[in-house]
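Peer 1: Let me begin by handing over the structure; questions about it come next.
The values are calculated or read from the model by the stated rules, or taken from the named source; none is laboratory data. Keep in mind it's a predicted model, so treat the numbers as computed, not measured. A quick note on method: Cβ atoms are made from the backbone with ideal geometry, for glycine too, and the neighbour counts reach across all protein chains shown. Heads up: the accessible areas ignore ligands, DNA and RNA and are worked out on the full protein's heavy atoms, side chains in. Shrake-Rupley method; radii C 1.70, N 1.55, O 1.52, S 1.80 Å.
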Amino acid sequence: MTYIVANWKLHGSQDFVKNYSEILGACLNTAPKEKNITTIICPPFPFLERVALAGVIHGFSAGAQDCSAYESGAHTGDVSASMIKEIGAGYVIIGHSECRQKNPNEHQYISQKILQVQKAGLTPILCVGESLDVHNTGNADSFVLDQLEKALKNYIDLKNILVAYEPIWAIGTGKTATLQDIVYMHRAIKSAPLLKNLNIPILYGGSVKPDNTSEILTLDTVQGVLVGGASLKAETFNFIVKAAF
Ligand code: PGA
């Protein structure tokens, strides 16, 4: 199985969803079945239901970019995992570095959010990754393993999760991690005490583009990619999807 995930961040419109879905759908129609490609589109909340409905026709899944740490209650502005499930999405990105940066206390909520996602019957896409400062200290692996440990400590169904390694210094910078960096961190994640022997799919994210996707996907530690900027044009994203064919 190869996962190709588009994170639209704060982009999109109703027309955009329609055009994008048709162009992506035409590409997915030609995907070799034996390649088992799962394409997941993560739009802003107002378009999630539309993306989920379009996905049924065009062969992709929908995912949210975040969710509430709570099931219900006095949490103005929140969207719960069960609401996301109800409108037909299958995945939720949790712990994206942009969410962690916006809310310095985000790390305290990540394990709770993952639990909510699991309770709703959805699959979390847990993002982990170090800053450039941490990277330069040479301790990126222990930093990322600590993020994982904290995120997963209460998580029961450890089999139903995707982990995305997204070094912060590679996100939106055009500076993709080297293949050695990716393999090194993916091996560290795979051998984390909580994940050992579970064969969790691990994705890479950070300046993934049409011209570097193939080499990233040939790494045997990589089961997919999480794409931000290069997912915003359906034609460009199609090249990334085709790299998995
Ligand atoms: P990018 O973003 O592909 O624009 O680097 C990736 C992400 O933030 O998930």
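Peer 1: Report, in debye and to the nearest 20, how large the dipole of region 2-242 comes out about its Cα centre when Lys and Arg carry +1 and Asp and Glu carry -1 on their Cβ.
Peer 2: Dipole of region 2-242, to the nearest 20 debye: 300 debye.
Peer 1: Follow-up. Under 14 Å from a label point 7 Å along Cα→Cβ of Ser191: give me every residue in region 103-145 with its amide N that close.
Peer 2: Within reach of a label on Ser191, which here means backbone N under 14 Å from a point 7 Å along Cα→Cβ, region 103-145 contributes 141-142, 145.
Peer 1: With a 1.4 Å probe and every protein chain left in place, work out the accessible area per residue of region 2-242 in Å², rounded to a whole number.
Peer 2: That works out to 47 Å² for each residue.
Peer 1: Further question: Show me, for region 131-142, the HN-Hα J-couplings you get by feeding each phi into the Karplus relation (A = 6.51, B = -1.76, C = 1.60, θ = phi - 60°), rounded to Hz, glycine and proline as x.
Peer 2: 6, 5, 4, 5, 4, 5, 6, x, 10, 4, 5, 5
Peer 1: Which three lengths, in whole Å and largest first, does region 2-242 cover when its Cα atoms are put on their principal axes?
Peer 2: Its Cα atoms span 46, 44, 32 Å along the three principal axes.
Peer 1: Still on this model: Counting only the heavy atoms of the protein chains, how much of Arg100 is accessible to a 1.4 Å probe, in Å² to the nearest 10?
Peer 2: Surface open to solvent at Arg100 totals about 50 Å².
Peer 1: Name the residue, out of Ser207, Ser61, Ser13, whose mean-square fluctuation peaks in a Gaussian network model built on the chain with Cα pairs under 10 Å.
Peer 2: Looking only at Ser207, Ser61, Ser13, the largest GNM fluctuation is found for Ser13.
Peer 1: Comparing Pro167, Pro44, Pro32, which has the greatest mean-square fluctuation in the GNM of the chain with Cα pairs linked when under 10 Å apart?
Peer 2: For the chain, modelled as a Gaussian network with Cα springs under 10 Å, the answer is Pro32.
Peer 1: Note down the net charge around Ala170, summing +1 for each Lys or Arg and -1 for each Asp or Glu among other residues with Cβ under 12 Å from its Cβ.
Peer 2: Cβ neighbours under 12 Å give a net charge of -1.
Peer 1: Another question, if that's okay. Can you send over the carbon and sulfur percentage of the accessible area for region 2-242, probe radius 1.4 Å, protein chains only?
Peer 2: Of all accessible area on region 2-242, carbon and sulfur atoms account for 52 percent.
Peer 1: Which of these, Lys190, Lys113, Lys33, has the largest mean-square fluctuation under a Gaussian network model of the chain (Cα springs below 10 Å)?
Peer 2: Result: Lys33 has the largest fluctuation of those listed.
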